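Since the structure comes first, as structure tokens, the remarks are kept for the end.
The values are calculated or read from the model by the stated rules, or taken from the named source; none is laboratory data. Quick caveat: nothing in here was measured; it's all calculated off a predicted structure. Using ideal geometry, Cβ is built from the backbone for each residue, glycine included, and neighbour counts are taken over all protein chains shown. For the accessible areas, the whole protein counts, side chains as well, though only heavy atoms, and no ligand, DNA or RNA atoms are used. Shrake-Rupley method; radii C 1.70, N 1.55, O 1.52, S 1.80 Å.
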Amino acid sequence: MAEKLKVAICWLGACGGCDASIVDLNEVILQVADAVDIVLWPLAMDFKYRSIQQMPDAEIALSILSGSIRNSDHQEMAELLRKKSQVVMAMGACACFGGTPGLANFHSKDDIFNWVYRDAPTVVNPDGNFPQPETVRNGGKLTLPHFFEHVFTLDQAIDVDYYLPGCPPPPELIVNAINAVLAGDLPPKGSTLAPRKALCDTCPRNQRKPNRMEIRSFNRIHEVEADPDACFLAAGIICMGPATRNGCGETCIRINVPCRGCFGPLPGVVGSEPKFLSTLASLLVVERDDEIKEAIDSFDDPVGYLYRFTQPSSILGRRSAKKVTEEGS
Amino acid sequence: METYNPKIVCFSCNFGWGYLSDAETIGPTILNWIPVVCSGKIDTSHILKAFRAGADGVMILGCSEGHCHFQDGNYQTRKKVFLIHKVLDAFGIEPERLTMELDIDPEGRKIPQLIAQMQHHLSGLGPVKQV
Ligand code: SF4
Ligand code: SF4
């Protein structure tokens with residue numbers, strides 16, 4: 001019998017939601033586990049990193065990596081699995097675009113440490129202890145990974161073959177992606193294994209979009225009673241659907257929550273946020289400068305909406321992990 | 001001390017600005033001058049990419065109100081500018097580094113002046129701080 005293909009599943013700067021989505025494959029996961037040899041999956045099984053280090057290069061057929069690159073441990077793990085794998089798939093918004101952790105890039109490392117270990121109202125830290133990468137205790141040296149200045153996408157740290165967006169990606173797309181790799185039936189390297197249309201194209205609310213959309217001010221979803229069938233954006237509720245790739249199964253839309261953009265930009269677009277801004281501007285129908293300003297000021301936390309999942313891969317937020325970490329973190 | 005010479009990218013509408021002067025006479029006096037068919041054609045990503053590429057400021061020259069050749073391109077971009085100010089601010093880029101001027105100047109004589117003014121203003125701000 002031919003040897004089973006080896007698959008590694010690993011979380012880097014991740015919340016575990018992506019792994020949970022793999023667990024959500026339910027019975028299908030058993031078929032997958034039958035068909036392949038899972039050599040690493042920290043969430044679900046017990047493995048030693050050493051056994052991966054000892055493998056010959058390119059021994060693993062597929063590595064599925066979720067999470068961003070936030071510290072030196074993530075980077076080392078990503079580099080190791082890259083070396084040992086034929087195909088690397090970035091799974092989830094964090095690995096693909098930086099994800100919600102990427103919003104941290106709007107603050108410096110010092111700001112974050114000061115807040116978390118000193119200034120937040122719930123912190124009690126009278127000795128002013130801050131985590132250190134190295135501590136000597138009783139003659140022994142203890143180490144922690146280095147926390148980088150910046151949150152990176154996976155492909156800013158290593159070469160990535162395929163992308164599977166979503167926060168987390170839905171189980172159907174995960175199965176399709178794994179099967180495609182196992183069958184060797186893959187699109188060109190660099191492809192995103194998800195549909196190529198905008199969410200608005202498949203959104204059921206699109207049917208109830210007025211011919212001419214006119215927005216005068218913005219509302220937040222909890223401030224208004226949104227019609228469960230009508231287009232959010234038409235009611236001035238920020239919905240990232242026009243600038244976001246579909247494939248999520250409209251899960252948010254169906255429970256009366258507008259799209260936040262976790263599937264990232266459409267094919268060929270770098271950063272969905274400028275496209276969304278252009279769309280939004282054209283829908284605003286206020287005339288005078290002071291009215292425009294007032295309307296735009298009613299858009300609460302625009303940057304939190306526009307960059308919710310994509311700061312590290314955006315036009316202004318992009319950095320190369322190699323360059324930044326070599327320059328010293 | 002090294003003198004700081006702010007780099008400005010200027011997008012201007014062809015229908016309102018400098019269309020009577022030929023590119024040879026006016027072009028070389030303005031670095032990074034990008035005449036476009038309508039100020040409405042300037043996409044948000046063009047502006048963000050200019051900053052990404054190292055611009056210290058971006059100036060948009062559109063036709064005065066009611067004079068857009070394509071109905072209201074100037075107005076559409078005006079709204080974009082206000083939105084982009086919010087984005088720039090979050091990235092630590094002062095919003096005043098993106099300006100928009102609405103006027104008609106067929107000879108484009110005002111363009112070098114406006115750029116000089118903006119350069120002067122940006123000299124006071126210094127280079128863009130990296131977040
Ligand atoms: S993409 Fe979403 S579900 Fe996956 S690790 Fe990031 S935050 Fe968690
Ligand atoms: S803007 Fe949102 S609610 Fe409206 S059609 Fe698009 S995805 Fe649906």
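Observations on the structure shown:
- Inspection of the stretch B:121-130 identifies at least one residue that is without any contact (Cβ under 8 Å) to a residue 12 or more places away in the chain and either closer than 30 Å to A:S108 by Cβ or within 13 Å of another protein chain (Cβ to nearest Cβ) (or both).
- Positions within the stretch A:1-42 being under 25 Å from A:A183 (Cβ atoms), open to solvent by 60 Å² or more (accessible area, probe 1.4 Å) and within 16 Å of ligand 1 (Cβ to nearest atom), in sequence order: A:V23, A:D24
- You will find that of A:P169, A:P210, the residue that is in contact (Cβ under 8 Å) with a residue 24 or more places away in the chain, in the same structural domain as A:A234 (by TED's automatic domain parsing) and in a loop (DSSP other than H, G, I, E, B) is A:P210 and no other.
- Residue within the stretch A:44-66 that is within 16 Å of ligand 1 (Cβ to nearest atom), modelled with pLDDT under 95 and away from chain B (no Cβ under 14 Å) present: yes
- Matching residues in the stretch B:55-108 - criterion: being within 13 Å of the chain's Cα centre (by Cα), among the β-branched types (V, I, T) and not in a helix (DSSP H, G or I): B:V58, B:I60, B:T99
- Scan of the stretch A:284-303 for residues that are facing another protein chain (nearest Cβ under 9 Å) and either touching a residue at least 60 places away in the same chain (Cβ under 8 Å) or β-branched (V, I, T) (or both), ordered by number: A:L284, A:V286, A:I292, A:A295, A:I296, A:F299, A:V303
- Flag: A:A78 does not match the condition of being open to solvent by less than 10 Å² (accessible area, probe 1.4 Å) and under 20 Å from A:R245 (Cα atoms).
- Evaluated against (1) open to solvent by less than 20 Å² (accessible area, probe 1.4 Å); (2) within 13 Å of ligand 2 (Cβ to nearest atom), A:R260 falls short on exactly one condition, (1).
- Qualifying residue in the stretch B:9-21 (condition: in a helix (DSSP H, G or I) and open to solvent by 20 Å² or more (accessible area, probe 1.4 Å)): no
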